[in-house]
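The values are calculated or read from the model by the stated rules, or taken from the named source; none is laboratory data. None of these values were measured; they are calculated from a predicted model. Cβ atoms come from the backbone with ideal geometry, glycine included; neighbour counts cover every protein chain shown. Heads up: the accessible areas ignore ligands, DNA and RNA and are worked out on the full protein's heavy atoms, side chains in. Shrake-Rupley method; radii C 1.70, N 1.55, O 1.52, S 1.80 Å.
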Amino acid sequence: MTSARFHRERPVIGIAGVETMNDAETLAGQELRVPIDRLAALPPGTFYRHDLIGCRVETRDGRTVGPVRDFEGTVTGSRLVVDGADGEVLIPLVAAICTLVDIRRRSES
């Protein structure tokens, strides 16, 4: 990768050897992955979205909603997809609702 920026909430990256739109179109539909051990460390209180998979979701009074199975949306408008007792539950990933995120306890779910 030679450069990275966001445009309308979507990442735009530069890749060595990909110089034209025609070059880029040959990569359409491909998936870009970064090995977990190569990810940059994040500041305290932040996390990667994939870190949420497996976290247990609880209400403020301690009742279990279920584990996070997936997430949807963009960086500015994400939802947690939770396997609730009565089926799928979508929870907006916003500070007013998700008041505590503890990915260290993920394996306990």
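Of all residues in segment 68-78, none satisfies being hydroxyl-bearing (Ser, Thr, Tyr), exposed (fewer than 10 other Cβ atoms within 10 Å of the Cβ), touching a residue at least 24 places away in the same chain (Cβ under 8 Å) and touching a Lys or Arg at 6+ places or on another chain (Cβ under 8 Å). The residue that is farthest from Gly45 (Cα to Cα), counting only those in segment 79-109 that are small (Gly, Ala, Ser) and open to solvent by 60 Å² or more (accessible area, probe 1.4 Å), is Ala85.
Within segment 9-62, the set of residues being of a type in the set (S, T, N, Q), at pLDDT 90 or above and either open to solvent by less than 90 Å² (accessible area, probe 1.4 Å) or touching a Lys or Arg at 6+ places or on another chain (Cβ under 9 Å) (or both) comprises Thr20, Thr59. Per the listing Thr46, Thr26, Thr20, Thr2, the residue uniquely within 21 Å of the chain's Cα centre (by Cα) and among the polar types (S, T, N, Q) is Thr46.
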